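Down below is the structure, laid out as structure tokens.
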Amino acid sequence: MTRASTPQAPGWLSRSAARQAFVVTLCSADNIDAALATLDEALGELTISTRQRLDGNRCALTIDCAPARAWTLLQELRRRLQASDVYLQPESTPPVRLLICDMDMTIVAAETLDEVATVLGMGERIAAITARAMHGELDFDSALRERIEMLAGESEQVFHDVASQLQLNPGATELLTAAKAAGVHCVVVSGGFAQVAEPVARKLGFDEVYCNHLEIVDGRLGGAVHTPIVNADYKCRILQQCARRQGIGLVECCAIGDGANDLPMLRAAGLGIAYRAKPILHAATSCHIDATDLASAIHFMRLDSATGT
């Protein structure tokens, strides 16, 4: 994808101007040694205090610099390492204790409502509405209601059929396995539907699932969605509520998503990761996974340290 030229600055940039230790996490989809050579060149006069090779084409190292220098370095590395994903964060950042993920195009490799529509012969019409909603061009609630009204009278079974054939995005299983091993509370919050979101959550071991619920009449879609609709504001509220129940601050939370309706929760979380995101979300966030897969989030969350890998 095309990377945003002016991504949102990370929250840590405004918290302190003091020189401090930063962890540089590099995840490459290509030659890790070539990526490391570029990284070393970009570091210039900065001293590396620790360097750790992680699993696969990934590494982490620690440098000492001012936050403004770290932000400049991050932007430079992204320009020069197009086949890699990289992030910088203060070494003092608290460990992640809650992970909240979007489902469609984040955990699973599909917009599930579009898949249902394709089976029913309405794929192009509904996918066009979905795309505009995910790019922030349409009101999410209205777009969702419009698409479900178009499916009125169809069998509920089609959702179960689509759920049974869904493919997980690469790295999703590894991410949940690592998060659970590190004691992280895992939540999926989806603008999709219970017939799909609940089995996906069970399969991966999420602790909680929040999603939309369809009106069903005698096994067929009634053409409506029960309230509350899981939209951008609802997703952010769920993040806040889950954090309170866990007795943790938002700085200890990580949110992962791909679309415009994920933006508030990514901004609210201490670490917001935009996964192969739509332009509006990509430009409004500072941590991105564009070139690699969801397993990179393990290292951006620094779960490798928590689990000793």
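The values are calculated or read from the model by the stated rules, or taken from the named source; none is laboratory data. Remember, it's a predicted structure, so these values are computed and weren't measured experimentally. Cβ coordinates were reconstructed from backbone atoms using ideal geometry, including for glycine residues, and neighbour counts include every protein chain displayed.
Among the candidates 91, 174, which residue alone is farther than 27 Å from residue 228 by Cα and in contact with a strand residue (DSSP E or B) (Cβ under 8 Å, 6 or more places away or on another chain)?
Result of the check over 91, 174: 91.
Consider the range 1-18 and keep the residues that are modelled with pLDDT under 70 and over 19 Å from the mean Cα position of the chain (by Cα). The one that is surrounded by the most Cβ atoms within 10 Å (Cβ to Cβ) is 5.
Could you say which residue among 292, 227, 285 is surrounded by fewer than 19 Cβ atoms within 10 Å (Cβ to Cβ), not charged (D, E, K, R) and not in a helix (DSSP H, G or I)? Write out each step before concluding.
Numbers: 292 fails: surrounded by fewer than 19 Cβ atoms within 10 Å (Cβ to Cβ); 285 fails: surrounded by fewer than 19 Cβ atoms within 10 Å (Cβ to Cβ).
It is 227.
The sole residue among 25, 72, 47 that is touching a residue at least 24 places away in the same chain (Cβ under 8 Å) and of a type in the set (Ser, Thr, Tyr) is 25.
Would you be able to tell me the number of residues in the range 264-277 that are surrounded by fewer than 24 Cβ atoms within 10 Å (Cβ to Cβ), on the phi < 0 side of the Ramachandran plot and either of a type in the set (D, E, K, R) or touching a strand residue (DSSP E or B) at 6+ places or on another chain (Cβ under 8 Å) (or both)? Residues in the range 264-277 being surrounded by fewer than 24 Cβ atoms within 10 Å (Cβ to Cβ), on the phi < 0 side of the Ramachandran plot and either of a type in the set (D, E, K, R) or touching a strand residue (DSSP E or B) at 6+ places or on another chain (Cβ under 8 Å) (or both): 3 in total.
Going through 246, 241 one at a time, which residue ends up being without any contact (Cβ under 8 Å) to a residue 60 or more places away in the chain and more than 11 Å from the chain's Cα centre (by Cα)? Selected residue: 241, the only one of 246, 241 that is without any contact (Cβ under 8 Å) to a residue 60 or more places away in the chain and more than 11 Å from the chain's Cα centre (by Cα). For the range 233-249, a residue qualifies if it is crowded, with 16+ Cβ neighbours inside 10 Å and not in a helix (DSSP H, G or I), and exactly one does: 248. Only one of the numbered conditions (1) without any contact (Cβ under 8 Å) to a residue 40 or more places away in the chain; (2) over 15 Å from residue 192 (Cβ atoms) is violated by residue 210, and that is (2).
Taken over the range 8-28, the criterion of being within 13 Å of residue 88 (Cβ to Cβ) and assigned to a helix (DSSP H, G or I) is satisfied by 12, 13. Counting only helices (runs of 4 or more DSSP H) that sit completely within the range 29-145, those holding 2 or more residues that are crowded, with 17+ Cβ neighbours inside 10 Å and not assigned by TED's automatic domain parsing to the domain that holds residue 273 correspond to 32-43, 67-80.
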